[in-house]
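Step one of this worksheet: look at the structure below.
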Amino acid sequence: MASFLSFFTKDDVSKTHGCATIILVPGAFHPASIYHEVSEQLRELHYSRVFLVDLPSVGAVVGRKQDIEAIRSILGKELLAGHNVLLVGHSYGATVIGEAVKDYKSDSSAVSTLLSRFTASIASAIARTPRRGRILGLVFLAGWIPPISEVTNPETKVDIRITAPPFFRFTRDKAYWDRDLEKYPPEQMFYNDVAEREAHDLVKRLEFSSFSALAENATYIPYTGDFTVTYVVCERDKTLLPAWSNSFIYQPEAEFIVKRLDAGHSPMVSMPKEVTEILRRAVGEAMN
């Protein structure tokens, strides 16, 4: 379920960046509220259309399709309403937003794709709409993303139970973060640069993730030129080690704008100001 933060001020209409929609997607195990501080900062900067999307696969056994549709249901409506859109995905959430933009193009409104999903009468009305949005780009925060080979040569994909971080625990249909709480406490794996009390509170909000959602093969790679994609490497990350992030970035055909933060796995919590600045630049806001 998505929560929509709508904050209109008298001056919003004169601020072009405030017309952009920003969709914030968490990773495995996490609720969308992990973006709370970032969303508050965006509000203060007159961004009036910010969506925090809870992934259906967190706390329920569903496939990746449900996660993708949760994003697409918002994305399609926003584009058709004339709003330009920036998608932000944390960890596994980066994989989800990457799949959600399949069949879209960043240099167009993708209206032709959307029209095919509506009846003729509705499509005709949409086609007469003068304002159509476009996708401004994607931002991967410590993104756990599919390598290009997963789509070009899907048979080469390694089982997630082999590639996952060592503290992941899997059952037949669920994934957890508690394989060895003494050796790998989640406070350290996810929030090693966050105050101890806050880290404990964040851990209490974690839920299992659906195994099938995490394990499914990707069908599309968005970062080979179709879209402007920013990858944020977290240099103190204990979940997705920087070397792993770099292995995504330096693939021969990958095209990323690379940003690096001195942060753990959840920079939207520990460095919300810096994350907000990255999002503002990704939207195209002119900054000093």
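The values are calculated or read from the model by the stated rules, or taken from the named source; none is laboratory data. All of these numbers come straight from a predicted model, not from anything done at the bench. Note: ideal-geometry Cβ built from the backbone for every residue, glycine included; neighbour counts use all protein chains shown. What goes into the accessible areas is simple: the full protein's heavy atoms, side chains included, and nothing from ligands, DNA or RNA. Shrake-Rupley method; radii C 1.70, N 1.55, O 1.52, S 1.80 Å.
Per-peptide packing, taken as the mean over residues of other Cβ atoms within 10 Å, places 68-81, 179-192 in the sequence 68-81, 179-192 from highest down. Atom-type composition of the exposed protein surface of the stretch 132-288 places 48 percent of the accessible area on carbon and sulfur (1.4 angstrom probe).
On a per residue basis, the stretch 132-198 carries 54 Å² of accessible surface, using protein heavy atoms and a 1.4 Å probe. Classification of the stretch 140-262 by its C-alpha gyration tensor yields an oblate form. The axis ratio a/c (a ≥ b ≥ c) is 1.5 or more, and b/c is at least a/b. Between the amide H of residue 135 and those of 85, 108, distances stay under 5 Å, these residues lying 5 or more places away or on another chain, with hydrogens modeled in the peptide plane.
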